[in-house]
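Report on the structure given below.
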Amino acid sequence: MREMCYSDVNGFKVNRGIYIVANDKVIESAIALLNSIRLYNSQVPIFLIPFDDNYQQVAAALSRHGVQLFPNLEFVEQFTREIGKIFDRDFLALPNKMRKLAAWFGPLDEFLYIDTDIIVFEDIAANLNKLSEVDFFCCDYHHLSEKLRNVFSPLVKEQNIFTDSELQDVFNSGFWASRKGTITESQMSEILRECAQHREYFDFTQNVTDQPILNYIVLKLIKRRCNLVKAAEDEPGSWAGSPHFQEIDYVLYDKGKKLKYLHWAGIQIKSSSPYWKLWKHYRYLNEEKPNLMQKIFRHLPI
């Protein structure tokens, strides 16, 4: 097993690292993400939480990057079954997306969760130092660009479920960090049941699944939180739908400031996607890109 990455926090040793959720269907994106992470940090522990039972190929591919399977798969399965019992069948579009919540109960004391449709441009785990000040952080402009869309319905504001200030803390669920113990298993179970009783609070119109629920959990249970983009007015963006980023040596810049990461949230990664050539660079980093004939032969019957 890869040796854990330790950091001194108030005299205690804390193991920190990264969680991802993936299955074989997203293997190409997962490889691109891991190539970018390892470019800047070859040692930080990374754990794969399987999205479903079809994860053997992606686990094998990512093991070359030192990625380990989440050590308690029985807990993940039990957690998934519990989700199925708590929520009505038609409540969540993709219930298995909720498996990312298992990060609070994994082996890492401090962790960063990253979706696989992301590539990073720095030692992304270094941001975990922020957890010396807060118990949760995110890093996106959802609160400005989308506001409550894909998170909460107007009812949440009308009924004062959260204050206006709290609603400024909504975030995208693809990149965030927290610490083990911030939320207990009993608290998680209780608040998920609370969510299940109030479908009217959430905006599922675009078929999002985990994002509204995760936002509710964090805003309700974690008071010491922050959004890294609020540190200064000119902090860079991160959404691949933003066309103005400048590329220099396979790194993106927003008005001269280097992006921490790029997220294709809501955008399918393919040849017509924004920043496709950049994604392809990271997907085939340190390996030969397949040419057209290789792609043809790969799909021919033996």
Determine which member of the set Asp203, Asp254, Asp234 is over 18 Å from Phe175 (Cα atoms), modelled with pLDDT under 95 and among the charged types (D, E, K, R). Asp234
Looking at Arg149, Arg99, Arg89, can you tell me which residue is touching an Asp or Glu at 6+ places or on another chain (Cβ under 9 Å) and in a loop (DSSP other than H, G, I, E, B)? Arg149
Under 8 Å between Cβ atoms, which residue pairs at least 6 apart in sequence (or on different chains) link something in region 48-77 that is over 17 Å from Ile18 (Cβ atoms) with a partner that is of a type in the set (S, T, N, Q) and assigned to a helix (DSSP H, G or I)? Asp52/Asn96
Would you mention how many residues in region 262-279 are free of Cβ contacts under 8 Å to residues at least 24 places away in the same chain and more than 18 Å from Phe175 (Cα to Cα)? 5
Does Ile49 qualify as being closer than 23 Å to Leu262 by Cα and assigned to a helix (DSSP H, G or I)? no
Looking at Pro45, Pro71, which one is at negative phi and over 17 Å from the mean Cα position of the chain (by Cα)? Pro71
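Would you pick out the residues in region 152-180 that are of a type in the set (Gly, Ala, Ser), part of a loop (DSSP other than H, G, I, E, B) and over 22 Å from Tyr113 (Cα atoms)?
Within region 152-180, Ser153 is the sole residue that qualifies.
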Filter region 32-47 for residues that are of a type in the set (S, T, N, Q) and within 21 Å of Lys270 (Cα to Cα); which is surrounded by the fewest Cβ atoms within 10 Å (Cβ to Cβ)? Asn35
Does region 286-302 include one or more residues that are part of a loop (DSSP other than H, G, I, E, B) and at pLDDT 95 or above? no
What pairs come out if I take residues in region 182-195 that are closer than 22 Å to Leu108 by Cα and loosely packed, with under 14 Cβ neighbours inside 10 Å and pair them with residues that are among the aliphatic types (A, V, I, L, M) and modelled with pLDDT under 95 whose C-beta lies under 8 Å away, six or more apart or interchain? none
Strands (runs of 3 or more DSSP E) wholly inside region 222-261 that include at least 3 residues being touching a residue at least 24 places away in the same chain (Cβ under 8 Å) and on the phi < 0 side of the Ramachandran plot: 225-227
Lone qualifier among Ile18, Ile27, Ile31 - being among the β-branched types (Val, Ile, Thr), at pLDDT 95 or above, on the phi < 0 side of the Ramachandran plot and assigned to a strand (DSSP E or B): Ile18
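The values are calculated or read from the model by the stated rules, or taken from the named source; none is laboratory data. As the structure is a computational prediction, the values presented were derived from the model and not from experiment. Glycine also receives a Cβ, built like all others from the backbone with ideal geometry; neighbour counts cover every protein chain displayed.
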